[in-house]
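Here the structure comes first, spelled out in structure tokens, and everything after it is commentary.
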Amino acid sequence: MHRLDPHGTTPGTIAPHIPADLYRHLDGRHVVIVQPPAPARSVGKWAVPLAIGLAGAAGVIGLVAAAVAVFDYAVRTAALIGSTTGPIGLGLSLKLFQSKNK
């Protein structure tokens, strides 16, 4: 329970204040208190965060797609270079990496 709320009521659930002279004037009669409804939430309260979240998600998806495209390009380039050199590349590799201590 909050220190400033000794009766245990939550904010927004208590009746509005009635002035003391009006309360004495009622003298036990019933009274109807009309309270205006709470203002409706505007569209901007939820549309702006939703738009920002969707834009961020689209940006992340774009970055992932770009990374996959670059990786695919690198793999295809390496495969093309490897297939064009063929046996010549293998012969050069064996010649270059031979042991010099024979």
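Before moving on, here are some points about what is shown:
- Computed E for ARG41/ALA65 - FRET, C-beta separation, R0 22 angstrom, nearest 0.05: 0.05
- With 5 Å bins from 0: P(r) over region 15-85, alpha-carbon pairs, percent: 3, 11, 9, 8, 7, 6, 7, 5, 6, 5, 5, 4, 4, 4, 4, 3, 3, 3, 2, 1, 1, 0
Here, each number is a calculation from the coordinates, and none is a lab measurement. This structure is a prediction, so every number in the text was calculated from the model and none was measured. Positions of Cβ are backbone-derived with ideal geometry, glycine not excepted, and every protein chain shown enters the neighbour counts.
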